[in-house]
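**Student:** Handing you this structure, nothing more for now.
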Amino acid sequence: MATLPTDLPPWLAGLNAPQRQAVLTTEGPVLILAGAGTGKTRALTARLAHILYSRLAWPSEILAVTFTNKAAREMRHRMEMLVGDMAEGLPFLGTFHAIAAKMLRRHAGLVGLDSNFTILDTDDQLRLLKQVIAEAGLEEKRWPSKQLAGMIDRWKNRGERPADVPPGEAMSFGEQGRNGAQLYARYQERLVSLNAADFGDLLLHMLTIFDTHPDVLGDWRRRFKYILVDEYQDTNIAQYRWLTLLAAERRNIACVGDDDQSIYSWRGAEVANILKFEKDFPGATVVKLEQNYRSTPPILAAANGLIAHNKGRIGKALFTETNSGDPVKIIGVWDGPEEARLVGDKAEQLGREGVSLNDMAILVRAQFQTRAFEDRFVSIGLPYKIVGGFRFYERAEIRDALAYLRIVASPNDGLAFERIVNVPKRGLGDKAMGRLHALARSMDRPLSQAAAAIVETDELTPAARRSLRGFLVDLARWREAAEGLSHADLARLVLEESGYIAMWQADKSTEADGRIENLIELTRAMEDYPSLTAFLEHVSLVMDNDASDAAEKLAVMTLHAAKGLEFDHVFLVGWEEGVFPSQRALDEGGSKALEEERRLAYVGITRAKKSATIIHAANRQIYGQWTAAIPSRFISELPLAHVDVSSTMSGGPSLWRAALNGSGMGGDPFGDVSRGSGRGPGWSRAAAQGGFQPLARGPVIDARASAVSVGLKGRSDVAVGARVFHSKFGNGVVTAIDGNKLEIDFAAAGAKRVLDSFVEVVG
């Protein structure tokens, strides 16, 4: 370890002992295990400044990798504050993709590209994949380009070239003698012919070059005397291989990360990378940054107690030198609307006490949960903002659904007609729409009236005429149906019969499930209003609020979007089984997913600086049906000494505290005191079930279920032992049936739980 200078330089001033160790341990592999709020960015930039100032390496001999451009800019700015102009000469400080692209341009010829290759964006990638799918004779509706793009991205994140793709996964896409790996290979050939690469190629091509040209790898190893990596827990397999190959010779690699905050497996992150650091680099120094500068002792104790239930972790315990702070509040409410009212009331109370709305945040597990809070805040005039996404009524799928309802309610609404006349695709191209607009202008009539006229002429192709006429017939039928249906049921009917729900069910992108959840939430929200007109007026008020600009706004965001942020007061809502932890995550990932859900809860709690309030409801309205809920298992894992339990329901705080008696660190949260009648319904249900099993199932929220109805009756043609095909998981055998849900042992993907409507019986 380097010695500490007698005249303390600015980058070491104010650092605690572990932070100084992280800075001064310059030689050999170092894992800096940095908990939430422990000053890891300060330690990382101080280490970089120390290496430069001590002349241990020139700026061009340092590789410093971040995950986002924002993080790279912040690091460079901090470096400039510490060492001045010296920070300007760091050519290899940036994101994985930016640095890999810079490397690849030097060696592009080794993978068949020119140095001026183009990096394709997502739209261009999908356009090229559509061509590849069509060339293979496959039907795009059955084999969508988005699904193939997702598979290729997953393979590239794992560092797999077409020849490396596991046979089972390759066979899960395609037919007619074509499989996913073959299409992947053809896609790569087309990219080379276009002198192009996608984002996944930037690292994959460099791995190929390193594997096949050891002289190139040797040159880069000799160049980089020191390697620094931020957010190491979020690396995927390709990034991990790239880093370990570069660091293998000198071994001067310092990785900063927190295994307890690894929450991005859905985009390829592998928590195992940080867990096996000491195995990959024997003799590594592990520095634990555990002193927290953000939160109060009760908040940290609650977070520590919760995350201790995870088995896949290195282990650390956050602490703070401050002594004050209120316990984490756990509040049980009757239902979702009461939850929104409670949060609104508490936010206003904090405001009266002088707390800025900018210092408050609501953290949800899924985007559809934001709708109830947005509606409530509009009604009471509380300014808010959605962080990391669109507000509920601004989302594309919600605007589409509202356009359908507007044109049903008001036939002359030309803007609504134009928005959805070709959504889903009805074969009406730009030429057809141009002729329709021209006719509307010449007639001085709305688009819908022009459409009724043009279908009786030869202005459009026969196919376009049939499609447009069918759409007009649908509109007439829905307006007639509106007389006998509630407006919420009408919305469900329109979304189903228009093919809009089916469009998103067929979409294999990661966003599709959330979009369907939002549509289901929209139809549920409509039930709270007396008529369609009243609901559309309410939406207009919400959108008007969205357009207003208030100096202070309460932040509403998902737990994933909250990582890296902090607020004085945090409301953690929807902590019920099936909502959080997410039932869909548990169904798809089992115990591994449960640990990631728990890490997500840990991230949520540690966003709070002064107060954290956890809220769970005894009842949730799902698909228009009231569903009984039990509190999240994560609540039972919080240490009793650091929580304050209360309820707005009958039974009172004393009962709820008793219900938690013995909880935390392996205790029984549902002892005898919580059993019996007259007690809080959520805990009573949990007690009746005998607590939680390792993968206990709560209320199931399956986003791919129909927005019109969710039947539990299963298909008659599927039986245990049947061989089936699933477009995502491939071939498998049915091992168990629960209503319309199937347990299937897939050849490539292992055991999965899926809806029967998404499989085909093959034998």
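**Student:** Could you list all residues from the stretch 102-114 that are open to solvent by 70 Å² or more (accessible area, probe 1.4 Å) and either β-branched (Val, Ile, Thr) or assigned to a loop (DSSP other than H, G, I, E, B) (or both)?
**Tutor:** The one that is open to solvent by 70 Å² or more (accessible area, probe 1.4 Å) and either β-branched (Val, Ile, Thr) or assigned to a loop (DSSP other than H, G, I, E, B) (or both): ASP114.
**Student:** Give the residue, chosen from LEU439, LEU342, that is in a helix (DSSP H, G or I) and farther than 17 Å from GLY574 by Cα.
**Tutor:** None of the other options fit; the residue is LEU439.
**Student:** Within the stretch 442-480, which residues are more than 25 Å from LEU532 (Cβ to Cβ) and not in a helix (DSSP H, G or I)?
**Tutor:** ASP444, VAL455, GLU456, THR457, ASP458, GLU459, LEU460, THR461
**Student:** Among the residues of the stretch 492-508, which ones are open to solvent by 20 Å² or more (accessible area, probe 1.4 Å) and either among the polar types (S, T, N, Q) or touching a His at 6+ places or on another chain (Cβ under 6 Å) (or both)?
**Tutor:** GLN505
**Student:** I've got another one for you. Of (1) within 30 Å of GLY590 (Cβ to Cβ); (2) out of contact with any Gly (no Cβ under 6 Å at 6 or more places or on another chain); (3) open to solvent by less than 10 Å² (accessible area, probe 1.4 Å), ALA340 satisfies all except one. Which?
**Tutor:** Failed condition: (1).
**Student:** Could you identify the single residue in LEU363, LEU350 that is surrounded by fewer than 21 Cβ atoms within 10 Å (Cβ to Cβ) and not in a loop (DSSP other than H, G, I, E, B)?
**Tutor:** Every option except LEU350 fails the conditions.
**Student:** Do you know which residues across the stretch 129-150 are open to solvent by 10 Å² or more (accessible area, probe 1.4 Å) and of a type in the set (A, V, I, L, M)?
**Tutor:** ALA134, ALA136, LEU138, ALA149
**Student:** From the list THR533, THR510, THR558, exactly one residue is modelled with pLDDT under 85, β-branched (Val, Ile, Thr) and within 23 Å of the chain's Cα centre (by Cα). Which is it?
**Tutor:** Exactly one of THR533, THR510, THR558 is modelled with pLDDT under 85, β-branched (Val, Ile, Thr) and within 23 Å of the chain's Cα centre (by Cα), namely THR510.
**Student:** If we keep just the residues of the stretch 398-436 that are part of a helix (DSSP H, G or I) and of a type in the set (Lys, Arg), which is nearest to ASP458 (Cα to Cα)?
**Tutor:** Filtering first and then ranking leaves ARG435.
**Student:** Right, something else. Can you pull out the helices (runs of 4 or more DSSP H) entirely within the stretch 237-293 that have at least 1 residues that are among the charged types (D, E, K, R)?
**Tutor:** Where helices (runs of 4 or more DSSP H) fall fully within the stretch 237-293 and carry at least 1 residues being among the charged types (D, E, K, R), they are 237-247, 277-280.
**Student:** Does THR235 satisfy being touching an Asp or Glu at 6+ places or on another chain (Cβ under 8 Å) and polar (S, T, N, Q)?
**Tutor:** In short, yes.
**Student:** Additional query: Is it the case that VAL286 is surrounded by fewer than 17 Cβ atoms within 10 Å (Cβ to Cβ), within 29 Å of PRO59 (Cβ to Cβ) and among the β-branched types (Val, Ile, Thr)?
**Tutor:** Taking the combined requirement at face value, the residue satisfies it.
**Student:** Have a look at ALA525, ALA488 and point out the one that is touching a Ser or Thr at 6+ places or on another chain (Cβ under 7 Å), surrounded by 15 or more Cβ atoms within 10 Å (Cβ to Cβ), over 19 Å from VAL423 (Cβ atoms) and not hydroxyl-bearing (Ser, Thr, Tyr).
**Tutor:** ALA488
**Student:** Then there is this: Could we say that LEU300 is in contact (Cβ under 8 Å) with a residue 40 or more places away in the chain and in contact with a Ser or Thr (Cβ under 7 Å, 6 or more places away or on another chain) here?
**Tutor:** yes
**Student:** Note down all Cβ pairs under 9 Å where the first residue falls in the stretch 65-83 and is farther than 21 Å from ILE253 by Cβ, the second is at pLDDT below 85 and small (Gly, Ala, Ser), and they're at least six residues apart or on different chains.
**Tutor:** Matching pairs, first to second residue: HIS77/ALA87; GLU80/ALA87; MET81/ALA87.
**Student:** LEU436: of a type outside the set (Asp, Glu), in contact (Cβ under 8 Å) with a residue 40 or more places away in the chain, closer than 14 Å to PHE417 by Cβ and open to solvent by less than 40 Å² (accessible area, probe 1.4 Å), yes or no?
**Tutor:** It is false that LEU436 is of a type outside the set (Asp, Glu), in contact (Cβ under 8 Å) with a residue 40 or more places away in the chain, closer than 14 Å to PHE417 by Cβ and open to solvent by less than 40 Å² (accessible area, probe 1.4 Å).
Here is a yes/no grid of residues against (1) within 20 Å of ASP234 (Cα to Cα); (2) open to solvent by 40 Å² or more (accessible area, probe 1.4 Å); (3) assigned to a helix (DSSP H, G or I):
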residue: LEU8; (1), (2), (3): no, yes, no
residue: LEU12; (1), (2), (3): no, no, no
residue: GLN19; (1), (2), (3): no, no, yes
residue: LEU63; (1), (2), (3): yes, no, no
residue: ALA72; (1), (2), (3): yes, no, yes
residue: MET79; (1), (2), (3): no, no, yes
residue: VAL83; (1), (2), (3): no, no, yes
residue: GLU88; (1), (2), (3): no, yes, yes
residue: ALA98; (1), (2), (3): yes, yes, yes
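Each row is one residue, and each column tells you yes or no for (1) among the β-branched types (Val, Ile, Thr); (2) in contact with an Asp or Glu (Cβ under 9 Å, 6 or more places away or on another chain); (3) open to solvent by 50 Å² or more (accessible area, probe 1.4 Å); (4) within 21 Å of GLU537 (Cα to Cα).
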| site | (1), (2), (3), (4) |
| --- | --- |
| LEU402 | no, no, no, yes |
| VAL421 | yes, no, no, no |
| ARG426 | no, no, no, no |
| GLY429 | no, no, no, no |
| LEU447 | no, yes, no, no |
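**Student:** Can you tell me which of (1) open to solvent by less than 10 Å² (accessible area, probe 1.4 Å); (2) farther than 26 Å from SER262 by Cβ; (3) not polar (S, T, N, Q) is the one LEU640 doesn't meet?
**Tutor:** Tallying (1) open to solvent by less than 10 Å² (accessible area, probe 1.4 Å); (2) farther than 26 Å from SER262 by Cβ; (3) not polar (S, T, N, Q), LEU640 fails exactly one: (1).
**Student:** Kindly list, by first and then second residue, each pair from a residue in the stretch 457-470 that is open to solvent by 80 Å² or more (accessible area, probe 1.4 Å) to a residue that is not in a helix (DSSP H, G or I), limited to pairs with Cβ atoms under 7 Å and residues at least 6 apart or on different chains.
**Tutor:** ARG469/VAL455
**Student:** With respect to ASP211, determine if the residue is without any contact (Cβ under 8 Å) to a residue 24 or more places away in the chain and not small (Gly, Ala, Ser).
**Tutor:** Yes, satisfied.
**Student:** On to the next question. Which of (1) open to solvent by less than 40 Å² (accessible area, probe 1.4 Å); (2) of a type in the set (Ser, Thr, Tyr); (3) closer than 30 Å to THR627 by Cβ is the odd one out, the single condition SER356 does not satisfy?
**Tutor:** Result: SER356 fails condition (3) only.
**Student:** Check ILE133 against each of (1) closer than 26 Å to THR66 by Cβ; (2) among the aliphatic types (A, V, I, L, M); (3) touching an Asp or Glu at 6+ places or on another chain (Cβ under 6 Å) and name the one condition it does not meet.
**Tutor:** ILE133 satisfies every listed condition except (1).
**Student:** Could we say that THR38 is assigned to a loop (DSSP other than H, G, I, E, B) and crowded, with 19+ Cβ neighbours inside 10 Å here?
**Tutor:** yes
**Student:** Is it the case that the stretch 142-149 has a residue that's among the basic types (Lys, Arg), in a helix (DSSP H, G or I) and under 26 Å from the mean Cα position of the chain (by Cα)?
**Tutor:** Yes, the stretch 142-149 contains at least one residue that is among the basic types (Lys, Arg), in a helix (DSSP H, G or I) and under 26 Å from the mean Cα position of the chain (by Cα).
**Student:** Among the residues of the stretch 181-200, write down those that are touching a residue at least 60 places away in the same chain (Cβ under 8 Å) and either surrounded by 17 or more Cβ atoms within 10 Å (Cβ to Cβ) or touching a His at 6+ places or on another chain (Cβ under 7 Å) (or both).
**Tutor:** LEU191, ALA196, ALA197, ASP198, PHE199
The values are calculated or read from the model by the stated rules, or taken from the named source; none is laboratory data. These figures come from a predicted structure and were not determined experimentally. Ideal geometry is used to build each Cβ from the backbone, glycine not excepted, and the neighbour counts take in all protein chains shown. The accessibility values were calculated without ligands, DNA or RNA, using every heavy atom of the protein model including side chains. Shrake-Rupley method; radii C 1.70, N 1.55, O 1.52, S 1.80 Å.
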